[in-house]
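**Q** There's a structure below that I have some questions on.
Each reported figure results from applying straightforward, stated rules to the coordinates on display, with no laboratory input. Bear in mind the structure is a predicted one, so any value in this text is a computation, not a measurement. Neighbour counts are summed over all protein chains in view; Cβ atoms, including those assigned to glycine, are modelled from backbone coordinates with ideal geometry.
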């Protein structure tokens, strides 16, 4: 009876502020909220409501527990639209929510193909990372083997995250271990890709680490395949072969946008753009006519970088598909400036 009374009285209020100079659409709100003991034994007993007391579609999980097993800290993930400088208030309360997102983030694997869906865009990642290579200063490059382990860390509906782990090998030797993470947010036409290459044993002079991304994207009204021999607008479900590619690529780097790749394709009169961007501008990049981006994670200075056991190279980028005219400043802000969450006393 005491538990029910505490649960009924639960109300953890918090504000969310957009500190950026750009409007945020489908921006991720990640709030870590403390709960009193006995307030909820399961995250499914919690829901997020706005100032109007209407439920928000949220992904709620437990980050910590009290000795009695009840939730001590809850993490609430949901998306929100905020104008520059705008602040909104939400509350975590007791009760189950039946509110559903129109566009959900989901992940699945079929025949070794990892599928990531934001509700607005659809991405396919191959069964192995053969395009991920470590090029030593001399000798045969180390190429990624199929992942030994694939783990779904978050299964949506607000955010879906998948991690793959495996080895880079050459001539029977396994000197480097890779970890790649893929994360999508509901309603956003983007996927975040993180890459980590770690030296497992010994030491190896390394010239560079290359990663090629070959995306497939589904727009609300059409499908654009950046991996095919060309780009045309197709009806959803249409699988006819694409013809006559027309791709323009450029690499841009400035103080505001550390580094991004911008390549555009004329899709039967509808111009689509693909943008990849990084926290740090890549040292080198190659573009092929089919829209494949091959970029260098890190380049070794002279003399060549020497990777010893336990040392690692890391990189993070966001792949962002959109029709020309749509702003990608929201995704840049998503990477560099998350929404500010403050718990009310």
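**Q** Order these by the 10 Å Cβ neighbour count, fewest first: 208, 317.
**A** The most exposed by this proxy come first: 208, 317.
**Q** I would also like to ask the following. Which FRET efficiency value, to the nearest 0.05, do you get for residue 148 and residue 65 by plugging their Cβ-Cβ distance into 1/(1 + (r/R0)^6) with R0 = 25 Å?
**A** 0.20
**Q** Oh, and also: Using the per-residue mean of other Cβ atoms lying within 10 Å as a proxy for protection, in what order, highest first, do the peptides 74-81, 53-60 fall?
**A** Sorting 74-81, 53-60 by mean packing, highest first, produces 74-81, 53-60.
**Q** Can you pull the one-decimal nm distance between simple spin-label points at residue 32 and residue 99, each 7 Å off the Cα toward Cβ?
**A** It is 2.4 nm.
**Q** State whether region 60-158 is rounded, prolate or oblate according to the following rule on the C-alpha gyration tensor (a ≥ b ≥ c being the square roots of its eigenvalues): a/c under 1.5 gives rounded; otherwise a/b larger than b/c gives prolate, and the remaining case gives oblate.
**A** prolate
**Q** What does the convex hull of the alpha-carbon atoms of region 135-206 project to on average, in nm²?
**A** Result: a mean projected hull area of 5.6 nm².
**Q** Hey, with R₀ at 35 Å, roughly what FRET efficiency would residue 21 and residue 344 work out to, going by the Cβ-Cβ distance, to 0.05?
**A** Computed FRET efficiency for residue 21 and residue 344: 0.85.
**Q** A further question on this structure: Averaging sequence separations of C-alpha pairs under 8 Å and six or more residues apart, then dividing by the length of region 2-100, give the relative contact order as a whole percent.
**A** Here the relative contact order equals 43 percent.
**Q** Compute the distance in nm between two label points, each set 7 Å from the Cα along the Cα-to-Cβ direction, one at residue 311 and one at residue 53.
**A** Reported label-point gap for residue 311 and residue 53 is 6.1 nm.
**Q** If you rank 344, 174 by fewest surrounding Cβ atoms within 10 Å, what's the result?
**A** Ordered by Cβ neighbours within 10 Å, fewest first: 344, 174.
**Q** Now a separate question. Grab every C-alpha pair in region 2-100, bin the distances at 5 angstrom width from 0 up to the longest one, and report whole percents.
**A** Percent of Cα pairs in each bin: 2, 14, 24, 23, 16, 10, 6, 3, 1, 0.
**Q** Neighbour counts of other C-beta atoms within 10 Å: give me 66, 210 arranged from fewest to most.
**A** 66, 210
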